[in-house]
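Q: Pasting in a structure now, in structure tokens, and then I'll have a few things to ask.
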Amino acid sequence: MRRTSWWGSKVRQFRSHLRARVAPEERAELENWLSSAELNAFDAMHIADRRHGLDVVTTLRAEGVQDRDVLLAGLLHDAGKGPGVGLWPRVAWSLGEAFGPWLVSAVRILPGFGQALDRLRDHAELSARIAADAGCSARTVALIRDQSSPRDPEYGELLRLADEAN
């Protein structure tokens, strides 16, 4: 990815984070296809991650995906970030991915950043555990766990691309 497109996507993500909302009708629609435990996992997510998960599901559906396991993975793949990981640790994490881990190490000393950065680093595994605890299928859990390096031959890469697109 070119630097200009990277910066453009990060600015878009920044704005999306600040404007994140879930309309009551979107939340109500989830009750039609999620179990109560899955819905609780969704509700426990940061509002920006809930919005992002809904957008990933929309993208997957636009690609013709109807498989519940895949849609659920798209919805909950960032659940492990937790409600307490705010905007600035996310910005620092993204900059660290682009410019090197030294940047993440440097900002760890800021109050609240160390734990937030650890959650961002480990969010795929944490999200997979949350999904498993909510009773999601082994396939959904695997799709979430492997979100950065997809292994599922049918939907793994499609999920990764839907995540990046949103």
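Q: Regarding segment 21-33, can at least one residue be identified that is in contact (Cβ under 8 Å) with a residue 60 or more places away in the chain and of a type in the set (S, T, N, Q)? If you could, list the steps in order and put the result at the bottom.
A: We begin by selecting, within segment 21-33, every residue in contact (Cβ under 8 Å) with a residue 60 or more places away in the chain; these are none.
No, segment 21-33 contains no residue that is in contact (Cβ under 8 Å) with a residue 60 or more places away in the chain and of a type in the set (S, T, N, Q).
Q: Moving on. From (1) touching a helix residue (DSSP H, G or I) at 6+ places or on another chain (Cβ under 8 Å); (2) surrounded by fewer than 23 Cβ atoms within 10 Å (Cβ to Cβ), pick out the condition that doesn't hold for G53.
A: G53 satisfies all of (1) touching a helix residue (DSSP H, G or I) at 6+ places or on another chain (Cβ under 8 Å); (2) surrounded by fewer than 23 Cβ atoms within 10 Å (Cβ to Cβ) except (2).
Q: Just one of L87, L76, L39 is closer than 22 Å to R145 by Cβ, among the aliphatic types (A, V, I, L, M) and in contact with a Leu (Cβ under 9 Å, 6 or more places away or on another chain); which is it? Before the answer, list the steps.
A: Details: L87 fails: closer than 22 Å to R145 by Cβ; L76 fails: in contact with a Leu (Cβ under 9 Å, 6 or more places away or on another chain).
Exactly one of L87, L76, L39 is closer than 22 Å to R145 by Cβ, among the aliphatic types (A, V, I, L, M) and in contact with a Leu (Cβ under 9 Å, 6 or more places away or on another chain), namely L39.
Q: Oh, and also: Given the options A37, A79, A62, A20, name the one that is surrounded by 22 or more Cβ atoms within 10 Å (Cβ to Cβ) and among the hydrophobic types (A, V, I, L, M, F, W, C).
A: On the way: A37 fails: surrounded by 22 or more Cβ atoms within 10 Å (Cβ to Cβ); A62 fails: surrounded by 22 or more Cβ atoms within 10 Å (Cβ to Cβ); A20 fails: surrounded by 22 or more Cβ atoms within 10 Å (Cβ to Cβ).
The conditions single out A79.
Q: Assess whether W7 counts as being open to solvent by 50 Å² or more (accessible area, probe 1.4 Å), in a helix (DSSP H, G or I) and touching a helix residue (DSSP H, G or I) at 6+ places or on another chain (Cβ under 6 Å). Spell out how you get there, then give the answer.
A: On the way: open to solvent by 50 Å² or more (accessible area, probe 1.4 Å): yes; in a helix (DSSP H, G or I): yes; touching a helix residue (DSSP H, G or I) at 6+ places or on another chain (Cβ under 6 Å): no.
Criteria not met by W7.
Q: Also, I was wondering about something else. Residues that are under 15 Å from the mean Cα position of the chain (by Cα) and either at pLDDT below 95 or hydroxyl-bearing (S, T, Y) (or both): does segment 98-113 have at least one?
A: From segment 98-113, those under 15 Å from the mean Cα position of the chain (by Cα) are none; that's our starting set.
So far as segment 98-113 goes, no, none of its residues is under 15 Å from the mean Cα position of the chain (by Cα) and either at pLDDT below 95 or hydroxyl-bearing (S, T, Y) (or both).
Q: Still on this structure: In segment 34-51, how many residues are among the polar types (S, T, N, Q) and touching a residue at least 40 places away in the same chain (Cβ under 8 Å)?
A: If we filter segment 34-51 for residues that are among the polar types (S, T, N, Q), which is where we start, we get 35-36, 40.
Applying the additional criterion that residues be touching a residue at least 40 places away in the same chain (Cβ under 8 Å) yields 35, 40.
Number of matching residues: 2.
Q: Do we find that V65 is β-branched (V, I, T) and not in a loop (DSSP other than H, G, I, E, B) in this structure? Talk me through it step by step, then tell me what you get.
A: Details: β-branched (V, I, T): yes; not in a loop (DSSP other than H, G, I, E, B): no.
Considered against the rule, which asks whether it is β-branched (V, I, T) and not in a loop (DSSP other than H, G, I, E, B), V65 comes out as no.
Q: Of all residues being assigned to a loop (DSSP other than H, G, I, E, B) and of a type in the set (G, A, S) in segment 91-117, which is most open to solvent (accessible area, probe 1.4 Å)? Just the residue, please.
A: Let us first name the residues in segment 91-117 that are assigned to a loop (DSSP other than H, G, I, E, B), namely 100, 108-112.
If we keep only those that are of a type in the set (G, A, S) too, we end up with 100, 112.
Values: G100: 14, G112: 61 Å².
Restricting to residues being assigned to a loop (DSSP other than H, G, I, E, B) and of a type in the set (G, A, S), the top hit is G112.
Q: Separate question: Only one of these conditions is not met by W88: (1) open to solvent by 80 Å² or more (accessible area, probe 1.4 Å); (2) part of a loop (DSSP other than H, G, I, E, B). Which number is it?
A: Among (1) open to solvent by 80 Å² or more (accessible area, probe 1.4 Å); (2) part of a loop (DSSP other than H, G, I, E, B), the lone unmet condition for W88 is (2).
The values are calculated or read from the model by the stated rules, or taken from the named source; none is laboratory data. Note that the coordinates shown come from a computational prediction; the quantities given were computed from them, not determined experimentally. Backbone-built Cβ (ideal geometry, glycine too); neighbour counts: all protein chains shown. These area figures cover heavy atoms from the full protein model, side chains too; ligands, DNA and RNA do not enter into them. Shrake-Rupley method; radii C 1.70, N 1.55, O 1.52, S 1.80 Å.
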